[in-house]
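All of the numbers you see were taken from the coordinates with simple rules; none came from a lab. Computed from a predicted structure; not experimentally measured. Here the Cβ positions follow ideal geometry from the backbone for every residue, glycine too, while neighbour counts run over all protein chains shown.
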Amino acid sequence: MRGAETGPGRSQPLTEQDPRLYQIAVLAALLLYGMAWLDFDVGPERTMAILGTALATQYVCGRIWGLAAFDPRSALISGLSLCLLCRTNEPLLAVATATAAIASKFALRWRRKHVFNPTNFGLVVMMLVTGQVWVSPGQWGSAATFGFLMASAGCLVVTRARRADVTLVFLGTWAALLFGRSMWLREPVAVPIHRLESGALILFAFFMISDPKTTPDSRVGRMLFAGLVAAGAYVVQFVLFRTNGFLWSLAVASLLVPVIDWLLPGRRYRWPSAVAPTETGLGAHPDRERARFPSALERSSA
């Protein structure tokens, strides 16, 4: 399958153009299936409100920060993830969560790289500030969870495993910790297996922690990062006895990414479909300016 032309006589395969398209398709299919057959406690009105807010915030922030064009793809991924995970009895809090998530990409940056995964940031901030937002555990039944696992694993193929190291190290470390704990406590093997059968865990591993725009630039750094997130989640869940250990751990570990990038530098990730924009002055988006004028470190690591 051929994609858009990238130069005279050249074209990119669709999978190299932008893996976000496949991610959007997987998340949208899961959301529609869940609303139709799994009784997800999120209705069409709430879904439209979250998605509409995410896209509107992306557009407004893009104008403020001087993006050359409106790109809805990342905002759609964040919005769909919030539809699957974010639960609240107050519609305005769902809208506020989507706003905080998308705005964080623009407002919270370090050296032209946003610090937090947008979905993670929106959920953590609203849970911390309001106490009226919680996260769906993602217990959808074995058939739905297995199907989502297979579709999510397909994302690794589509993206040519550019961030498979993060997902695999995180899942491997988390599984090892769960099985090790159960062996220590002499629990039956069904206990750790049940804890691994969570749709929220799969969504986190394949669509949140593996976000290429917020993970460390080097492979060793990403593996270290994934291990830290898994260990932190274990401490939150089994030592502090708090729920949503993945989200809290990722939020804290994300603050360490600039340090990891400094200690273990690597090449900055760019979406395969990214193109250099026209001149937009001082308001040009930092990531796109970096794509046009790579640093000496990026040139040396190419």
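A compact table of results
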read-out: Packing-based exposure ordering (other Cβ within 10 Å, fewest first) of Thr57, Thr119, Thr145; value: Thr145, Thr57, Thr119
read-out: Gained length - Glu45 relative to Ile193, 0.36 nm times residue gap less alpha-carbon distance; value: 49.8 nm
read-out: Length added when fully stretched, Trp65-Leu240, from 0.36 nm per residue minus Cα-Cα; value: 59.0 nm
read-out: Rounded if a/c under 1.5, otherwise prolate or oblate - the stretch 13-263, Cα gyration tensor axes; value: rounded
read-out: Phi to ³J(HN,Hα) by Karplus 6.51 cos²θ - 1.76 cosθ + 1.60 over the stretch 171-180, Hz, x for Gly, Pro; value: 5, x, 5, 5, 5, 4, 5, 5, 5, x
read-out: Phi to ³J(HN,Hα) by Karplus 6.51 cos²θ - 1.76 cosθ + 1.60 over the stretch 44-59, Hz, x for Gly, Pro; value: x, 5, 5, 4, 5, 5, 5, 5, x, 5, 4, 5, 5, 5, 4, 5
